[in-house]
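Structure record follows, encoded as structure tokens.
Read the figures in this text as sums done on the coordinates, not as results from a lab. Remember, predicted model here, so these are calculated numbers, not experimental data. Note that each Cβ is placed from the backbone with ideal geometry, even for glycine, and that neighbours are counted across all protein chains shown.
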Amino acid sequence: MKEVLKTVFFIGWFLMIVINSFIFFQNIWIYYSQNKKKFKWFPFLSPFSFNSYELMISSLLTYNWKIENKNIRNKRKVNKLSKILGYLFLMIIFTGIIFLLL
């Protein structure tokens with residue numbers, strides 16, 4: 001039983017990392033397409049540019065979008081993936097608690 005719970009736990013963590021990276025890259029694309037003049041060298045995030053750091057931090061911290069204006073399809077994807085990420089997080093917490101109780 002413990003092996004099954006441990007497997008579910010690690011698969012859940014792996015899926016969380018993968019889904020979070022998809023959300024991150026979708027957010028980068030959404031922010032870039034909203035203001036292309038601000039992020040001139042978008043594919044190459046310059047370590048000397050404040051805008052690059054702003055883009056990365058904003059993309060990491062955004063998990064929910066209002067569905068309006070541009071990129072409606074990408075914003076819906078981010079919202080759905082964020083919901084899945086939340087369910088995975090709850091599953092991992094419950095699996096960890098059950099694992100500790102056994």
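A few points about this structure:
- The residues of segment 1-20 that are in a helix (DSSP H, G or I) and touching a residue at least 60 places away in the same chain (Cβ under 8 Å), listed by number, are LYS2, LEU5, LYS6, VAL8, PHE9, GLY12, TRP13, LEU15, MET16, ILE19, ASN20.
- Candidate set: segment 69-102, residues that are of a type in the set (D, E, K, R) and in contact (Cβ under 8 Å) with a residue 12 or more places away in the chain; chosen: the one farthest from LYS37 (Cα to Cα): LYS77
- Residue within segment 71-82 that is of a type outside the set (Ser, Thr, Tyr) and closer than 30 Å to LYS2 by Cα present: yes
- Once segment 51-68 is narrowed to residues that are without any contact (Cβ under 8 Å) to a residue 24 or more places away in the chain and exposed (fewer than 15 other Cβ atoms within 10 Å of the Cβ), the residue that is farthest from PHE14 (Cα to Cα) is GLU68.
- The residue that is surrounded by the most Cβ atoms within 10 Å (Cβ to Cβ), among those in segment 69-95 that are more than 11 Å from GLN26 (Cα to Cα) and not hydrophobic (A, V, I, L, M, F, W, C), is THR95.
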